[in-house]
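Comments concern the structure below.
The values are calculated or read from the model by the stated rules, or taken from the named source; none is laboratory data. Note that the structure is predicted; figures quoted are calculated from it, not measured. Ideal geometry is used to build each Cβ from the backbone, glycine not excepted, and the neighbour counts take in all protein chains shown.
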Amino acid sequence: MALSLVDAASFARAQILRPQGRRLLFLRSGIPIEPIHFGGAHENQRRPGTENVAAIAGMAAAAEFVERDREQEQARERNLRDQLWQEISAQISPVVLNGDTHRRLANTLNISLPALDSETMLMALDLEGVCASSGSACMVGSAIASHVLLAMGLPLALARSAIRFSIGKYTTEEEISATAGIVSEIVQRTNAKRSEKTVPV
């Protein structure tokens, strides 16, 4: 993201592989904010408390580490994301790709499996050792459909069956193929159980 294009931006620990306990707030010069904690005048009177120098230094080192090969890493993760989509869509039908075909985050694949609701799929994936989610990180634990997908115009039924896979710096091609196979197996197993229930006795 080009910071020259924004007035304010915040960054969480997981976004740049930095130490726990620190966040980064970018404010364009002249942008006023009201403090929410009181009792000190650190950071131009925006917050109280003594700076955690070790964590700040760790954050700076993590940012340098991520930026060093950012373009190459984004290309690698984009290839893995596309591989995951290609393998899943080749094994499962119907499956829906959520988001623009090209203008998406390099490390994120969001799909809808109309035959399954998100909660059922996530529990099955968890039992197989695959970490995924049904929405953004701030929506973890929520049983409602993603408001972002709904705002994008996705029908409620597809939003309720959405699964998000995130790819990281240490994700491998082998893990991608294994994940696609597990997703396919879960869908097939679920469909088979449904067929058994509908067979007349």
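Tabulated data
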quantity	calculated
The listed residue being surrounded by fewer than 13 Cβ atoms within 10 Å (Cβ to Cβ) and at negative phi, out of ALA54, ALA62	ALA54
Filter result for ALA145 (without any contact (Cβ under 8 Å) to a residue 60 or more places away in the chain and in contact with a helix residue (DSSP H, G or I) (Cβ under 6 Å, 6 or more places away or on another chain))	yes
So ARG78, is it among the basic types (Lys, Arg), without any contact (Cβ under 8 Å) to a residue 40 or more places away in the chain, part of a helix (DSSP H, G or I) and assigned by TED's automatic domain parsing to the domain that holds LYS193	yes
Top-ranked residue of region 129-139 - restricted to ones that are surrounded by fewer than 16 Cβ atoms within 10 Å (Cβ to Cβ), of a type outside the set (Ser, Thr, Tyr) and under 17 Å from ILE167 (Cα atoms), ranked as modelled with the lowest pLDDT	ALA137
Where a residue in region 92-114 is under 14 Å from ALA75 (Cα atoms) and in a strand (DSSP E or B) and its partner, wherever it lies, is of a type in the set (Gly, Ala, Ser) and at pLDDT 90 or above, with Cβ under 7 Å and at least six apart	THR108/SER166
